[in-house]
Amino acid sequence: MKLSRSTRWRLALGDLKAQPWRTLLAVLVLTPLAASWFLLAAVSRSLAGLGTVGEERNIVVTEPDVFDVANVHLGAEHLATARSAAGADAESVTPLVLRTVELDERVLQLRAADPATWEPIHSLTVLEGTLPDGGADEMAVTAAVQLATGWEVGDRQRVFGTELTITAVLRGSGSKVASLWLPLDRAEQLFDRPGEFQFTVVRLRADADGDAVRARLRAAFPGLLVLDESAIQAEAARGVRSLGDLAAVFTSVGMLGLAVSAGNATALTLAERRRSVGLLRVMGFSPQAVRSLLVVRSMLLTAVAMVAGYVTAMAIVSARPSFVLRTYTVEVGMEWWTVGVGVVLALGSGWVGAALATRRLLRQTPAALVVM
């Protein structure tokens with residue numbers, strides 16, 4: 001007996017409705033796998049994007065131990081040497097303070113520079129409020145920090161033992177996307193380290209030869225790191241981005257688990273209902289017709305589980321749209337192609353899993369199935 005497509009779907013749907021508790025149990029087993037696929041795919045995509053943005057016109061001079069900035073101590077002599085080496089190719093040579101601080105169980109970056117350099121050199125844009133006053137206990141935060149913490153303009157936070165009022169929300173880019181910002185003179189008071197900073201920032205002129213300037217700076221600072229900002233951002237984020245690759249691996253494993261689970265759900269159904277399969281064969285259903293019926297049944301289960309998994313994943317993302325990893329705030333979002341790929345792969349895996357699960361059973365004769 002050959003079944004039309006509409007008949008296969010109608011019979012499969014009727015079979016699922018006939019045993020609602022069994023169907024619900026199968027969906028509950030598959031839903032966490034589907035939700036984990038969406039979450040892992042979203043996290044993997046978010047982590048892969050870290051460190052790919054930077055200010056290419058900024059050349060940064062610092063000590064080699066960039067992962068422990070508390071041990072980096074630069075001073076006025078480094079600024080003078082950098083100005084001399086860069087010469088007329090430099091638009092400016094300015095200091096930058098960088099420290100890490102733990103607030104609300106999050107590790108954040110605290111940066112300080114002359115507010116006059118925030119927009120033209122560090123690509124910061126004021127979204128809300130006013131720039132902090134270097135003579136007052138004030139600071140600014142980036143929008144990513146605000147998103148992760150819920151802080152608002154006017155709130156006060158204790159930073160290195162001093163309560164600072166948030167006066168502005170900034171938009172940052174590259175490694176500065178999630179940072180607290182202070183005027184340079186206020187940071188010197190806060191750390192009681194006048195004239196000390198962690199980075200010398202050489203801002204190149206638009207028509208300058210960056211390779212030549214970097215070569216001169218490396219010659220002037222043989223024991224220090226000389227990198228353009230985009231490169232040092234990529235270097236600092238390399239370990240974090242590798243977690244995105246790991247998440248991608250687990251995403252693949254999750255999809256394989258979904259396929260295996262869909263196949264196992266079909267195999268369990270067949271193990272419990274071998275006689276029903278035998279009766280279908282006795283009634284004239286061909287092996288191809290039975291297989292297609294069971295495959296459609298499996299795909300329906302998988303589709304329902306994918307919908308439930310997507311809703312679950314979106315609820316989790318909505319409740320926690322960002323998280324802080326190391327000193328980076330990672331914003332998790334679900335893109336349309338992630339959903340599309342997930343649905344296609346899930347349905348495909350459900351089809352393969354069910355087809356493999358039915359092949360062995362259908363090799364037996366109808367009489368053997370009915371007797372068993």
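The values are calculated or read from the model by the stated rules, or taken from the named source; none is laboratory data. This one's a predicted model, so the numbers in the text were calculated from it and none came from an experiment. Every residue, glycine as well, gets a Cβ built from its backbone with ideal geometry; the counts of neighbours run over all protein chains shown.
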Could you tell me how many of the residues in region 94-143 are more than 17 Å from D185 (Cβ to Cβ), in a loop (DSSP other than H, G, I, E, B) and either of a type in the set (K, R) or in contact with a helix residue (DSSP H, G or I) (Cβ under 9 Å, 6 or more places away or on another chain) (or both)? 3
Does region 182-225 hold any residues that are of a type in the set (K, R) and either modelled with pLDDT of 90 or more or not assigned by TED's automatic domain parsing to the domain that holds R156 (or both), and which are they? R186, R203, R205, R214, R216, R218
Scan region 80-92 and tell me whether some residue there is under 36 Å from the mean Cα position of the chain (by Cα), in a strand (DSSP E or B) and of a type outside the set (A, V, I, L, M, F, W, C). yes
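Tell me which residues, restricted to region 180-226, are assigned to a strand (DSSP E or B) and crowded, with 22+ Cβ neighbours inside 10 Å. Spell out the reasoning first.
We begin by selecting, within region 180-226, every residue assigned to a strand (DSSP E or B); these are 180-183, 197, 199-204, 225-226.
Once the filter is applied, which keeps residues that are assigned to a strand (DSSP E or B) and crowded, with 22+ Cβ neighbours inside 10 Å, region 180-226 yields L180, W181, L182, P183, F197, F199, T200, V201, V202, V226.
Does R106 satisfy being touching a strand residue (DSSP E or B) at 6+ places or on another chain (Cβ under 9 Å), surrounded by 14 or more Cβ atoms within 10 Å (Cβ to Cβ), charged (D, E, K, R) and assigned by TED's automatic domain parsing to the domain that holds G75? Lay out the reasoning, then the answer.
Working: touching a strand residue (DSSP E or B) at 6+ places or on another chain (Cβ under 9 Å): yes; surrounded by 14 or more Cβ atoms within 10 Å (Cβ to Cβ): yes; charged (D, E, K, R): yes; assigned by TED's automatic domain parsing to the domain that holds G75: yes.
Against the criterion (touching a strand residue (DSSP E or B) at 6+ places or on another chain (Cβ under 9 Å), surrounded by 14 or more Cβ atoms within 10 Å (Cβ to Cβ), charged (D, E, K, R) and assigned by TED's automatic domain parsing to the domain that holds G75), R106 qualifies.
The rows are residues; the columns are (1) closer than 23 Å to P32 by Cα; (2) surrounded by 20 or more Cβ atoms within 10 Å (Cβ to Cβ); (3) modelled with pLDDT under 70.
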| site | (1), (2), (3) |
| --- | --- |
| E272 | no, no, yes |
| S292 | no, yes, no |
| V307 | yes, no, no |
| V339 | yes, no, no |
| A346 | yes, yes, no |
| A354 | yes, yes, no |
